[in-house]
1. Would you calculate a helix-derived [θ] at 222 nm for the chain, using -39,500 (n - 2.57) for each DSSP H run of n ≥ 4 and dividing by the full residue count, to the nearest 500?
2. Magnitude of the Cβ-charge dipole of region 35-95, K/R +1 and D/E -1, about the Cα centre, nearest 20 debye?
3. Any idea which of A50, I100, S7 is furthest toward the positive side of the dipole for the chain, if Lys and Arg beta-carbons carry +1 and Asp and Glu beta-carbons -1?
4. How large is ³J(HN,Hα), in whole Hz, for each residue of region 130-145 in order, when computed from phi with the Karplus curve 6.51 cos²θ - 1.76 cosθ + 1.60 and θ = phi - 60°, using x for Gly and Pro?
5. Stretch N103-A74 to full length: gain in nm at 0.36 nm per residue minus the Cα-Cα span?
6. Between V29 and T91, what is the FRET efficiency for a Förster distance of 41 Å, r being their Cβ-Cβ separation, to the nearest 0.05?
7. What is the spin-label model distance, in nm, from T66 to R167 if the labels are put 7 Å beyond Cα along the C-beta direction?
8. Magnitude of the Cβ-charge dipole of region 15-173, K/R +1 and D/E -1, about the Cα centre, nearest 20 debye?
Amino acid sequence: MRHAKSSWDDPKLSDHVRPLNPRGRAAAVSMRKVLRDLGLAPDVILVSSARRTLQTLEALEPWDETPLIEPMDALYLASARSILDVLHDVTETVRSVLLIGHNPGLHELAMILVGAQAFTQSALTPPGGEPSILDKLAEGFPTCALAEFSVAGPWGQLGEGGGRMLRFLTPADLPDAAS
């Protein structure tokens, strides 16, 4: 999940400490409801140490089951490769991870996980058709977007094409969210 929309109201604030804006808070609360409705309950939450990612996490709480939460400096503005390295260190017994971070790293990671083969002509939506989740992912990774993947094998071996995208949701997809 990418952090929700942040505020630029105070130009004196460093990027790391920028908070969410009201629209971002509303979008994160809407995503909380979606996570609950879909039964998505992570075992572990890996979250960038930036204020806006931590506030996004706060808006997603409380959880039915208490996950292990790990704020990480290494996820702040991390590249896809760096995020993948963090995921490689996840213990094999962990079934599900929610990662809350930043672009462009998250978008690039999602593209790596689906792999180049996912974007064959047969996987894309024909002209005039409803966009597929791969079409939507190819367009970008907006604030507060959630990409859900199923991954096979241990976290330490996760790599290109190692994830099957189950869904890609953005606040604009939700009837009660601010996008």
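1. Values: 5 runs with 52 residues, N = 179.
After summing the helix terms and dividing by the residues of the chain, the value is -8500 deg cm²/dmol.
2. On the way: 5 positive and 11 negative charges, 58 e Å.
Value, rounded to 20: 280 debye.
3. Farthest towards the positive end: S7.
4. 5, x, 7, 5, 5, 4, 4, 4, 4, 6, x, 9, x, 4, 6, 6
5. On the way: separation 29, 0.36 × 29 = 10.44 nm, distance 1.39 nm.
My answer for the length gained is 9.1 nm.
6. On the way: r = 30 Å, r/R0 = 0.74.
The value I calculate is 0.85.
7. Those two pseudo-labels are separated by 2.7 nm.
8. Values: 13 positive and 19 negative charges, 90 e Å.
Dipole magnitude for region 15-173 comes out near 440 debye.
Every read-out reported here was derived from the displayed coordinates using simple, explicitly stated rules and does not represent laboratory data. This structure is a prediction, so every number in the text was calculated from the model and none was measured. Reconstructed Cβ throughout: ideal geometry from the backbone, glycine too, with neighbour counts over all protein chains shown.
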